[in-house]
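Structure record follows, encoded as structure tokens.
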Number of protein chains: 2
Amino acid sequence: MKQLGKHIILELWGCEKQALDDQPGVEKMLVNAVKACGATLICVKTHKFSPQGVTGVAVLAESHISIHTWPELGYAAMDVFTCGEHVIPEDTIPEIRNFLKPDKVEVIDIKRGIVDIEEVLA
Amino acid sequence: MKQLGKHIILELWGCEKQALDDQPGVEKMLVNAVKACGATLICVKTHKFSPQGVTGVAVLAESHISIHTWPELGYAAMDVFTCGEHVIPEDTIPEIRNFLKPDKVEVIDIKRGIVDIEEVLA
């Protein structure tokens, strides 16, 4: 069996509210996270909501990283989806912790595109 | 209890290979899917890989929709992440089925940002 994509879901609670509402800071964190996991950035897009909250997506040569923040609740939802053996999605976590400073991080690990290697090679 | 985000993971198998490698078609499908679920598009970005495969992300006022395709395997990995009561992520599925024509669709439904309403209101 082989998985085509590695997808980790991060539920980040008790984050610094100022960081969650800092659009340039979130964008920089995404770029740093891309480097940290060994991926190649195609483009990054962030958006600031009124009165608060930031959305950001980094499109990668190896899939994507996304973030959506709720500063009023100290919460951020992140997804790190990568493909290829050389990219390790978990390696983004220190950069994310360093910027958002969450009290609690829940990680859900999802194998995407599970294929039977024998079948693929046939 | 309340969830801040509605996130559906779609594992799409047996898709039309031509559709999976059709960058303008994937972009149009994303835009149609955004409309279908009642969301507001901020921007859409797609990328074509060599020799094959497409990545696309639609950034929404209510989170994001992403797709990564493996035409050689007839597989696409999609995520539809929305927030707000008025957006129904499942409503994207007919548009996706219509374009990719998968033989099999696996759906994983994930509640993101589960909060205790009493606590939030306190």
* Asked: Of the residues that make up segment B:64-85, is at least one away from chain A (no Cβ under 13 Å) and over 22 Å from A:SER63 (Cα atoms)?
  -> yes
* Quick one: in segment A:92-108, which of the residues that are of a type in the set (D, E, K, R) and under 12 Å from the mean Cα position of the chain (by Cα) is surrounded by the most Cβ atoms within 10 Å (Cβ to Cβ)? -> A:GLU95
* Taking the condition aliphatic (A, V, I, L, M) and in contact with a helix residue (DSSP H, G or I) (Cβ under 7 Å, 6 or more places away or on another chain), does A:ALA77 pass? -> no
* How many residues does segment A:66-94 hold that are hydroxyl-bearing (Ser, Thr, Tyr), in contact (Cβ under 8 Å) with a residue 24 or more places away in the chain and part of a strand (DSSP E or B)? -> 3
* Asked: So which of B:LEU30, B:LEU12 ends up being assigned to a strand (DSSP E or B) and closer than 28 Å to A:ILE108 by Cα?
  -> B:LEU12
* The one condition in (1) polar (S, T, N, Q); (2) assigned to a loop (DSSP other than H, G, I, E, B); (3) buried (at least 19 other Cβ atoms within 10 Å of the Cβ) that A:SER50 fails to fulfil -> (3)
* Flag if B:GLU27 is within 16 Å of the chain's Cα centre (by Cα), buried (at least 20 other Cβ atoms within 10 Å of the Cβ) and of a type in the set (Asp, Glu) -> no
* Would you tally the residues in segment B:53-75 being buried (at least 23 other Cβ atoms within 10 Å of the Cβ), among the aliphatic types (A, V, I, L, M) and within 17 Å of B:GLN18 (Cβ to Cβ)? => 2
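Values quoted throughout were computed directly from the atomic coordinates according to the rules given, and no laboratory measurement underlies them. Computed from a predicted structure; not experimentally measured. Here the Cβ is made from the backbone with ideal geometry for all residues, glycine too, and neighbour counts use every protein chain on show.
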